[in-house]
Amino acid sequence: MNLEIFVLAICLFSVSYAESAVLNLTDANFDDIIQNNKVVMVKFFAPWCGHCQHLAPEYEKAAEMAIKNNKTFILGELDATVQKQTAEKYGVSGYPTLKLFIEGNIIDFDGERTAEALYAFMDKKSSPPTKELESIEQIKEQVKGKGRRCIFIGDDPSVLTDYINIARDVNEFDFYTTSESVGKEAFPELNSFPAVVLLKDCLLYTSPSPRDLSTSRMPSSA
(Lines give C-alpha, C1' and ligand atoms only; values in the text may rest on other atoms or scores of the structure.)
Protein backbone atom coordinates (compact mmCIF):
# COMPACT_ATOMS: atom_id res chain seq x y z
CA MET A 1 0.00 0.00 0.00
CA ASN A 2 1.23 3.50 -0.81
CA LEU A 3 2.58 5.10 2.39
CA GLU A 4 0.57 8.31 1.95
CA ILE A 5 -2.65 6.35 1.48
CA PHE A 6 -1.83 4.23 4.55
CA VAL A 7 -1.25 7.33 6.71
CA LEU A 8 -4.48 8.91 5.46
CA ALA A 9 -6.40 5.74 6.27
CA ILE A 10 -4.99 5.70 9.79
CA CYS A 11 -5.97 9.36 10.29
CA LEU A 12 -9.52 8.77 9.07
CA PHE A 13 -9.83 5.73 11.29
CA SER A 14 -8.64 7.73 14.31
CA VAL A 15 -11.06 10.58 13.63
CA SER A 16 -14.02 8.27 13.13
CA TYR A 17 -13.32 6.56 16.44
CA ALA A 18 -12.38 9.70 18.39
CA GLU A 19 -13.76 9.62 21.89
CA SER A 20 -16.86 11.76 22.30
CA ALA A 21 -17.02 14.43 25.00
CA VAL A 22 -20.62 13.34 25.60
CA LEU A 23 -20.99 10.51 28.11
CA ASN A 24 -22.88 7.44 26.92
CA LEU A 25 -25.62 6.57 29.42
CA THR A 26 -27.37 3.23 29.80
CA ASP A 27 -29.92 1.62 32.07
CA ALA A 28 -26.99 -0.01 33.86
CA ASN A 29 -24.89 3.10 34.60
CA PHE A 30 -27.52 5.88 34.73
CA ASP A 31 -28.22 5.96 38.47
CA ASP A 32 -24.52 5.80 39.39
CA ILE A 33 -23.66 8.67 37.07
CA ILE A 34 -26.47 10.86 38.42
CA GLN A 35 -25.71 10.06 42.05
CA ASN A 36 -21.95 10.59 41.76
CA ASN A 37 -22.05 13.88 39.88
CA LYS A 38 -23.55 17.12 41.10
CA VAL A 39 -24.81 18.41 37.76
CA VAL A 40 -25.62 16.23 34.73
CA MET A 41 -27.47 17.19 31.55
CA VAL A 42 -29.10 14.21 29.86
CA LYS A 43 -30.21 14.11 26.24
CA PHE A 44 -32.81 11.41 25.66
CA PHE A 45 -32.74 10.70 21.93
CA ALA A 46 -33.74 8.35 19.15
CA PRO A 47 -31.22 7.59 16.38
CA TRP A 48 -33.83 8.08 13.62
CA CYS A 49 -34.99 11.48 14.95
CA GLY A 50 -34.07 14.39 12.66
CA HIS A 51 -34.17 16.94 15.48
CA CYS A 52 -31.81 14.73 17.48
CA GLN A 53 -29.41 14.54 14.56
CA HIS A 54 -29.52 18.32 14.20
CA LEU A 55 -28.83 18.80 17.93
CA ALA A 56 -25.96 16.27 18.10
CA PRO A 57 -23.07 18.54 16.94
CA GLU A 58 -24.23 21.41 19.17
CA TYR A 59 -24.52 19.09 22.15
CA GLU A 60 -21.07 17.67 21.46
CA LYS A 61 -19.64 21.18 21.21
CA ALA A 62 -21.20 22.16 24.56
CA ALA A 63 -19.62 19.09 26.18
CA GLU A 64 -16.25 19.99 24.66
CA MET A 65 -16.59 23.57 26.00
CA ALA A 66 -17.23 22.18 29.49
CA ILE A 67 -14.10 20.02 29.36
CA LYS A 68 -11.97 22.81 27.89
CA ASN A 69 -13.02 25.20 30.67
CA ASN A 70 -12.55 22.60 33.42
CA LYS A 71 -16.20 22.63 34.43
CA THR A 72 -17.51 19.98 36.77
CA PHE A 73 -20.84 19.48 35.01
CA ILE A 74 -21.36 16.61 32.57
CA LEU A 75 -23.35 16.21 29.38
CA GLY A 76 -24.60 12.72 28.70
CA GLU A 77 -26.95 11.05 26.25
CA LEU A 78 -29.22 8.04 26.42
CA ASP A 79 -30.70 6.18 23.45
CA ALA A 80 -34.30 5.97 24.60
CA THR A 81 -35.16 3.37 21.96
CA VAL A 82 -32.68 0.94 23.52
CA GLN A 83 -32.43 2.02 27.16
CA LYS A 84 -36.19 1.93 27.60
CA GLN A 85 -36.30 1.37 31.36
CA THR A 86 -34.68 4.74 32.17
CA ALA A 87 -36.58 6.60 29.47
CA GLU A 88 -39.91 5.29 30.80
CA LYS A 89 -38.90 6.09 34.37
CA TYR A 90 -38.56 9.78 33.50
CA GLY A 91 -41.60 9.94 31.26
CA VAL A 92 -39.75 10.56 28.02
CA SER A 93 -42.15 10.50 25.08
CA GLY A 94 -40.64 12.94 22.56
CA TYR A 95 -37.19 13.40 21.13
CA PRO A 96 -34.88 14.93 21.91
CA THR A 97 -35.77 15.52 25.57
CA LEU A 98 -33.22 17.42 27.66
CA LYS A 99 -33.26 17.15 31.44
CA LEU A 100 -30.84 18.62 33.95
CA PHE A 101 -30.21 16.51 37.04
CA ILE A 102 -28.86 18.67 39.85
CA GLU A 103 -28.51 17.53 43.45
CA GLY A 104 -31.67 15.43 43.44
CA ASN A 105 -33.73 17.89 41.41
CA ILE A 106 -34.72 17.60 37.75
CA ILE A 107 -35.13 20.62 35.50
CA ASP A 108 -36.44 20.39 31.95
CA PHE A 109 -34.38 22.42 29.51
CA ASP A 110 -36.52 24.32 27.03
CA GLY A 111 -34.06 26.99 25.91
CA GLU A 112 -32.23 27.45 22.64
CA ARG A 113 -30.59 24.26 21.45
CA THR A 114 -27.22 25.74 20.66
CA ALA A 115 -23.88 24.88 22.22
CA GLU A 116 -23.59 28.35 23.72
CA ALA A 117 -27.08 28.29 25.26
CA LEU A 118 -26.63 24.79 26.67
CA TYR A 119 -23.25 25.68 28.15
CA ALA A 120 -24.49 28.96 29.66
CA PHE A 121 -27.52 27.22 31.20
CA MET A 122 -25.42 24.52 32.83
CA ASP A 123 -22.75 26.97 33.94
CA LYS A 124 -25.36 29.07 35.71
CA LYS A 125 -27.08 26.08 37.31
CA SER A 126 -23.79 24.65 38.56
CA SER A 127 -22.75 27.98 40.11
CA PRO A 128 -24.10 29.44 43.38
CA PRO A 129 -27.68 30.59 42.62
CA THR A 130 -27.14 34.04 44.14
CA LYS A 131 -24.34 36.57 44.43
CA GLU A 132 -23.90 38.92 47.38
CA LEU A 133 -23.80 42.69 46.89
CA GLU A 134 -21.81 44.06 49.80
CA SER A 135 -21.88 47.79 49.04
CA ILE A 136 -24.11 50.54 47.67
CA GLU A 137 -21.70 50.92 44.77
CA GLN A 138 -22.26 47.30 43.73
CA ILE A 139 -26.03 47.81 43.92
CA LYS A 140 -25.81 50.97 41.79
CA GLU A 141 -23.97 49.00 39.13
CA GLN A 142 -26.86 46.55 39.02
CA VAL A 143 -29.45 49.35 38.86
CA LYS A 144 -27.63 50.83 35.86
CA GLY A 145 -27.23 47.45 34.18
CA LYS A 146 -29.21 45.66 31.52
CA GLY A 147 -31.31 42.53 31.62
CA ARG A 148 -33.47 41.06 34.33
CA ARG A 149 -32.02 41.07 37.83
CA CYS A 150 -33.47 40.42 41.25
CA ILE A 151 -32.10 41.66 44.60
CA PHE A 152 -33.16 40.25 47.94
CA ILE A 153 -32.80 42.73 50.82
CA GLY A 154 -32.94 41.36 54.33
CA ASP A 155 -31.34 39.41 57.13
CA ASP A 156 -34.00 36.77 57.87
CA PRO A 157 -32.33 33.39 57.11
CA SER A 158 -35.60 31.51 56.59
CA VAL A 159 -36.87 33.99 53.99
CA LEU A 160 -33.44 34.03 52.37
CA THR A 161 -33.68 30.25 52.00
CA ASP A 162 -36.98 30.66 50.12
CA TYR A 163 -35.31 33.18 47.83
CA ILE A 164 -32.34 30.92 47.11
CA ASN A 165 -34.66 28.02 46.27
CA ILE A 166 -36.53 30.23 43.81
CA ALA A 167 -33.24 31.39 42.31
CA ARG A 168 -32.32 27.77 41.58
CA ASP A 169 -35.50 27.24 39.55
CA VAL A 170 -35.90 30.52 37.66
CA ASN A 171 -33.76 31.06 34.57
CA GLU A 172 -34.97 34.47 33.43
CA PHE A 173 -33.24 36.48 36.17
CA ASP A 174 -29.82 36.90 37.73
CA PHE A 175 -30.23 36.81 41.50
CA TYR A 176 -28.43 38.85 44.15
CA THR A 177 -28.63 39.39 47.91
CA THR A 178 -27.71 42.25 50.19
CA SER A 179 -28.09 43.07 53.87
CA GLU A 180 -30.94 45.14 55.26
CA SER A 181 -28.57 47.95 56.27
CA VAL A 182 -27.09 48.29 52.77
CA GLY A 183 -30.50 47.86 51.14
CA LYS A 184 -32.08 50.64 53.24
CA GLU A 185 -29.42 53.07 52.13
CA ALA A 186 -29.58 52.02 48.49
CA PHE A 187 -33.39 52.03 48.31
CA PRO A 188 -34.67 54.62 50.83
CA GLU A 189 -38.16 54.40 49.31
CA LEU A 190 -38.58 50.93 50.79
CA ASN A 191 -40.17 50.94 54.24
CA SER A 192 -40.44 47.26 55.14
CA PHE A 193 -38.05 44.34 55.07
CA PRO A 194 -37.27 41.74 53.90
CA ALA A 195 -38.01 42.96 50.40
CA VAL A 196 -37.24 42.08 46.81
CA VAL A 197 -36.29 44.56 44.10
CA LEU A 198 -36.79 43.49 40.51
CA LEU A 199 -34.76 45.23 37.82
CA LYS A 200 -35.53 45.19 34.13
CA ASP A 201 -32.99 47.31 32.29
CA CYS A 202 -33.21 50.47 34.43
CA LEU A 203 -36.79 50.03 35.62
CA LEU A 204 -37.51 49.24 39.26
CA TYR A 205 -40.24 47.05 40.69
CA THR A 206 -40.61 45.91 44.26
CA SER A 207 -42.16 42.87 45.86
CA PRO A 208 -42.68 42.41 49.61
CA SER A 209 -41.52 38.81 49.72
CA PRO A 210 -39.58 36.23 47.69
CA ARG A 211 -42.67 34.04 47.86
CA ASP A 212 -44.42 36.48 45.50
CA LEU A 213 -41.82 35.91 42.79
CA SER A 214 -43.40 32.68 41.64
CA THR A 215 -46.42 34.62 40.41
CA SER A 216 -44.74 37.95 39.60
CA ARG A 217 -44.89 39.11 35.98
CA MET A 218 -42.41 41.65 34.77
CA PRO A 219 -43.99 44.49 32.76
CA SER A 220 -42.83 44.46 29.17
CA SER A 221 -42.53 48.24 28.98
CA ALA A 222 -42.33 51.28 31.22
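As a calculated quantity, the FRET efficiency between residue 201 and residue 82 at R0 = 41 Å, using C-beta atoms, amounts to about 0.30. Within the full protein context, the accessible area of residue 149 is estimated at about 10 Å² for a probe radius of 1.4 Å. Annotation: residue 148 carries an accessible surface of approximately 90 Å², with a 1.4 Å probe and no ligand, DNA or RNA atoms counted. With the whole protein complex present, residue 67 retains an accessible surface near 110 Å², based on a 1.4 Å probe.
In this calculation the C-beta distance from residue 38 to residue 138 is compared with R0 = 30 Å, giving a FRET efficiency of 0.60.
Each Lys and Arg Cβ is given +1 and each Asp and Glu Cβ -1; about its Cα centre, region 59-211 then shows a dipole of about 260 debye. Here the simple spin-label model places points 7 Å from the Cα toward Cβ, and for residue 27 and residue 172 these points are separated by 4.0 nm. Each of 91, 73, 198 was placed along the dipole of region 69-210 (beta-carbon charges, centred on the mean Cα), and the one lying farthest toward the positive end is 91. Report, in listed order, any pair from 99/144; 61/99; 124/146; 144/184 with a Cα-Cα distance greater than 25 Å. The answer is 99/144.
The values are calculated or read from the model by the stated rules, or taken from the named source; none is laboratory data. Just so it is clear, the structure is predicted and the values come from calculations on it, not from any experiment. Please note: Cβ atoms are built from the backbone with ideal geometry, for glycine as well, and neighbour counts cover all protein chains shown. We work out accessible area using only protein heavy atoms, side chains counted, and drop any ligands, DNA or RNA first. Shrake-Rupley method; radii C 1.70, N 1.55, O 1.52, S 1.80 Å.
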